[in-house]
Amino acid sequence: MTLMQAELSTESEAAPGPDPVAPLLEEIGDRRAEFSAQRQLSADIVEKLKAIGVYRALVAREFGGDEQSPAEFLRLIERISTADGSAGWVASFGVSALYLASLPRETIAEIYANGPDVVFAGGLFPPQTAVPVDGGLKVTGKWKFGSGSTGADLIGVGIKVDGGPQSGLPRMAVMPAEKVKIVPNWEVNGLQGTGSHDLVVDGVVVPENWTFIRGSAATLDRPLYRYPSMAFAAQVLAVVGLGVARAALDEITAMAGGRGSITGAPLLADRAYVQIEIAKAEAALRSARAFFYEATESAWAKLVAGETLVIEDINFIRLAASHAARVGSDVASAAYKLSGTTGIYTAHPIARHVQDAMVVVQHAFLSEGTWQSAGRVLLGLDSPPGFP
């Protein structure tokens with residue numbers, strides 16, 4: 001266990017006793033190449049993520065869940081991501097319990113009737129037209145980026161209904177995973193094990209009460225379900241970048257003390273430029289992480305106190321998420337550059353870390369446009385729908 005993994009473990013609020021996460025992290029780290037080669041997590045790993053509580057973490061206690069605070073869940077995802085970015089990314093969709101909280105209470109009760117460890121995944125874009133029919137909405141189409149769908153129990157897809165209410169936020173139709181065809185085409189450079197394949201649905205009728213507007217108010221009246229779900233969706237992805245960056249920095253720090261150059265140059269650790277860059281990267285990562293959790297805990301404290309979050313609170317969550325993702329990518333890139341030719345090999349951990357971190361920052365929730373949106377809010381201007 002690295003120093004930061006130990007710190008993350010200490011920060012968590014798990015009950016005293018044996019750490020159920022540590023053995024799984026070790027196994028995930030040992031099997032990273034397996035996930036990349038098959039382009040998705042193995043089924044037994046998804047089951048083990050369930051076992052440590054990833055998918056019940058944010059489920060309401062009344063349905064058998066743990067109803068953790070946002071920071072507790074984020075630290076768990078960060079910790080998993082230090083072992084493997086793809087595993088952290090797939091685990092991050094435990095956040096979907098907040099999306100599903102926008103469904104009618106009766107539907108939520110049906111989802112968790114057999115227990116809280118339900119895996120929900122899906123794809124939003126491009127939204128496909130759903131046709132009203134007897135029994136609900138007939139859904140047909142193809143969607144991209146179905147991360148984690150290969151291990152899901154339920155899958156949601158983005159829809160639009162001609163003539164239906166328009167909120168500016170995406171609508172999702174939820175259905176059993178067996179009604180969705182997964183097209184295995186996830187051929188990418190980073191986060192290879194996330195199984196973000198295309199999804200195909202052909203004429204599935206989804207009852208209206210199994211659809212929801214993502215980002216709309218929850219039907220569950222608890223502080224957790226008043227936390228802004230769209231901002232949280234950005235956070236759970238950004239924190240993957242923090243975990244991956246930590247792993248990359250730990251890797252190069254360990255390398256630096258034991259590797260000389262084939263040319264006879266000093267050890268990496270003895271070179272001034274390496275010392276400087278390691279110090280800068282450590283400061284940058286810790287600073288971004290501190291801002292990230294400060295924004296999270298500040299918003300959560302207000303909700304627990306019964307207060308309503310204002311736009312500035314939510315904007316800081318979004319800004320801290322974009323910043324964390326960017327810094328995570330920069331730190332992983334710095335570690336890669338310091339590794340020299342060692343890091344260019346496909347199988348080397350640093351090569352995988354830098355590719356994973358660079359994919360995180362490409363996500364629409366964390367891309368360059370989010371900085372502009374955050375700046376508009378800081379300047380008192382309007383912001384696009386869904387931000388913050």
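Here the range 277-388 is assigned +1 on the Cβ of each Lys and Arg and -1 on the Cβ of each Asp and Glu. Its dipole about the Cα centre then comes out at about 300 debye.
If you take every DSSP beta bridge whose two residues both sit in the chain, what share of them, in percent to the nearest 5, is antiparallel? It would help to have the intermediate numbers written out before the result.
Values: 22 of 28 bridges.
DSSP beta bridges in the chain are roughly 80 percent antiparallel.
Here is how the number arises for the chain: DSSP H runs of 4 or more residues each give -39500 (n - 2.57), the sum is divided by the residue count, and the result at 222 nm is -15000 deg cm²/dmol. When the Cα positions of Leu25, Ile52, Ala87 are compared along the charge dipole of the range 3-100, Ala87 comes out farthest toward the positive end, with charges on each C-beta of Lys, Arg, Asp and Glu.
In terms of its C-alpha gyration tensor, the range 41-86 comes out oblate, because a/c is 1.5 or above while a/b does not outweigh b/c. Placing unit charges on the Cβ atoms only, positive for Lys and Arg and negative for Asp and Glu, gives the range 182-316 a dipole magnitude near 340 debye about its Cα centre.
Is the C-alpha gyration tensor of the range 3-100 telling us rounded, prolate or oblate? Criteria: a/c under 1.5 is rounded; beyond that, a/b larger than b/c is prolate, otherwise oblate. If you can, show how the numbers build up before the last one.
Details: a/c = 1.87, a/b = 1.25, b/c = 1.50.
Oblate.
Between helix 311-338 and the chain there is an angle of about 40 degrees, using the helix long axis and the longest principal axis of the Cα atoms. Comparing Gln362, Gln235, Tyr273 along the charge dipole axis of the range 227-378, the residue lying farthest to the positive side is Tyr273, per the Cβ-charge model.
Each value in this text was obtained by applying a stated rule to the coordinates, not by laboratory testing. A quick note: this is a predicted structure, and the numbers were derived from the prediction, not measured. Cβ coordinates were reconstructed from backbone atoms using ideal geometry, including for glycine residues, and neighbour counts include every protein chain displayed.
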